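Chemist: Here you go, one structure.
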């Protein structure tokens, strides 16, 4: 059974810092991996999707990497801003299409 | 529509009552997912529809939970004889195909009193 773990559960940083969020999964037989952002009381917003054959994806200040063989992904946020404060969720897609989520990392960026 | 639409946005019901939650996916999206998110918890998979294939119901927590989808359109999640532990936000998502990025609705917040 696929299990997805995110570390740390919570993170607080001063504005301007670069930071890394970690995601690990137990079964490397994944189709793709997707990072989401969730703001309080809201749904999820897709940030980046990495196919299993890819190593990384970039969007603006965000960079996500994937090491499928070791079951790890990282989300790198450069020059963090208070508006980046949210919960970040990692999810892996198995070969049936089902998406399994981690518990999330709650980020607070202090001005 | 522009995005995934869920209704109602909030639902308060008495224990023992049945509730129906609705999801309108993005037009043309063949895959539709339901997730449950309890307060302070991660997303718990409930059910997944892909085209005309039999749905993956492996996440439904009990036989009180069921879901239907009409073709590649609207889906309803029904919870019978609601219990207090059913209180959560129920999130729906759709994707163009089974392996495309998911797009989520804003969820239905269910409170069972």
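Chemist: Kindly list the number of the only condition in (1) part of a loop (DSSP other than H, G, I, E, B); (2) without any contact (Cβ under 8 Å) to a residue 24 or more places away in the chain; (3) away from chain A (no Cβ under 11 Å) that fails for residue B:66.
Modeler: (1)
Chemist: Considering only segment B:41-54, how many residues are part of a loop (DSSP other than H, G, I, E, B) and either modelled with pLDDT of 95 or more or within 13 Å of chain A (Cβ to nearest Cβ) (or both)?
Modeler: Count: 5.
Chemist: State all residues of segment B:1-40 that are without any contact (Cβ under 8 Å) to a residue 40 or more places away in the chain and within 11 Å of chain A (Cβ to nearest Cβ); if no residue qualifies, say none. Can you show your working first?
Modeler: Taking segment B:1-40 as the starting set, the residues that turn out to be without any contact (Cβ under 8 Å) to a residue 40 or more places away in the chain are B:1-2, B:27, B:40.
Selection gives B:40 alone.
Chemist: Tell me which residues, restricted to segment A:52-70, are under 13 Å from residue B:101 (Cβ atoms) and exposed (fewer than 14 other Cβ atoms within 10 Å of the Cβ).
Modeler: A:59
Chemist: Pairs under 6 Å by beta carbon, first residue more than 10 Å from every other protein chain (Cβ to nearest Cβ) and farther than 25 Å from residue B:90 by Cβ in segment A:28-56, partner at pLDDT 95 or above and not in a strand (DSSP E or B), six or more apart or different chains?
Modeler: Once the first residue is more than 10 Å from every other protein chain (Cβ to nearest Cβ) and farther than 25 Å from residue B:90 by Cβ and sits in segment A:28-56, its partners that are at pLDDT 95 or above and not in a strand (DSSP E or B) give A:28/A:71.
Chemist: Continuing with the same structure: Assigned to a loop (DSSP other than H, G, I, E, B), modelled with pLDDT under 95 and surrounded by fewer than 17 Cβ atoms within 10 Å (Cβ to Cβ): does that describe residue B:71?
Modeler: Details: assigned to a loop (DSSP other than H, G, I, E, B): yes; modelled with pLDDT under 95: yes; surrounded by fewer than 17 Cβ atoms within 10 Å (Cβ to Cβ): yes.
Spelling it out, residue B:71 is indeed assigned to a loop (DSSP other than H, G, I, E, B), modelled with pLDDT under 95 and surrounded by fewer than 17 Cβ atoms within 10 Å (Cβ to Cβ).
Chemist: Pull up segment A:87-111, narrow it to residues that are away from chain B (no Cβ under 14 Å) and surrounded by 16 or more Cβ atoms within 10 Å (Cβ to Cβ), then point me to the one that is nearest to residue A:36 (Cα to Cα).
Modeler: As a first pass, look at segment A:87-111 and keep what is away from chain B (no Cβ under 14 Å): A:107-111.
Adding the requirement that they be surrounded by 16 or more Cβ atoms within 10 Å (Cβ to Cβ) leaves A:107, A:109.
Numbers: A:107: 13, A:109: 17 Å.
Checking each candidate, the answer is A:107.
Chemist: Exactly one condition in (1) within 14 Å of chain B (Cβ to nearest Cβ); (2) within 22 Å of residue B:44 (Cα to Cα) is false for residue A:64; which is it?
Modeler: For residue A:64, the failing item is (2).
Chemist: Is there a residue being within 13 Å of chain A (Cβ to nearest Cβ) and either surrounded by fewer than 13 Cβ atoms within 10 Å (Cβ to Cβ) or not in a helix (DSSP H, G or I) (or both) anywhere in segment B:74-87? Can you show your working first?
Modeler: From segment B:74-87, those within 13 Å of chain A (Cβ to nearest Cβ) are none; that's our starting set.
There is no residue in segment B:74-87 that is within 13 Å of chain A (Cβ to nearest Cβ) and either surrounded by fewer than 13 Cβ atoms within 10 Å (Cβ to Cβ) or not in a helix (DSSP H, G or I) (or both).
Chemist: Another question about this same structure. Given B:49, B:65, which one is farther than 21 Å from residue B:4 by Cα and in contact with a strand residue (DSSP E or B) (Cβ under 7 Å, 6 or more places away or on another chain)?
Modeler: B:65
Chemist: Give A:44, A:21 a once-over and let me know the one that is touching a strand residue (DSSP E or B) at 6+ places or on another chain (Cβ under 6 Å), farther than 21 Å from residue B:47 by Cα and crowded, with 20+ Cβ neighbours inside 10 Å. Quick ask: steps written out before the conclusion?
Modeler: Numbers: A:44 fails: farther than 21 Å from residue B:47 by Cα.
Selected residue: A:21, the only one of A:44, A:21 that is touching a strand residue (DSSP E or B) at 6+ places or on another chain (Cβ under 6 Å), farther than 21 Å from residue B:47 by Cα and crowded, with 20+ Cβ neighbours inside 10 Å.
The values are calculated or read from the model by the stated rules, or taken from the named source; none is laboratory data. Quick caveat, the model's predicted, so the values are computed rather than measured. No Cβ is skipped: glycine too gets one built from the backbone with ideal geometry, and neighbour counts run over all protein chains shown.
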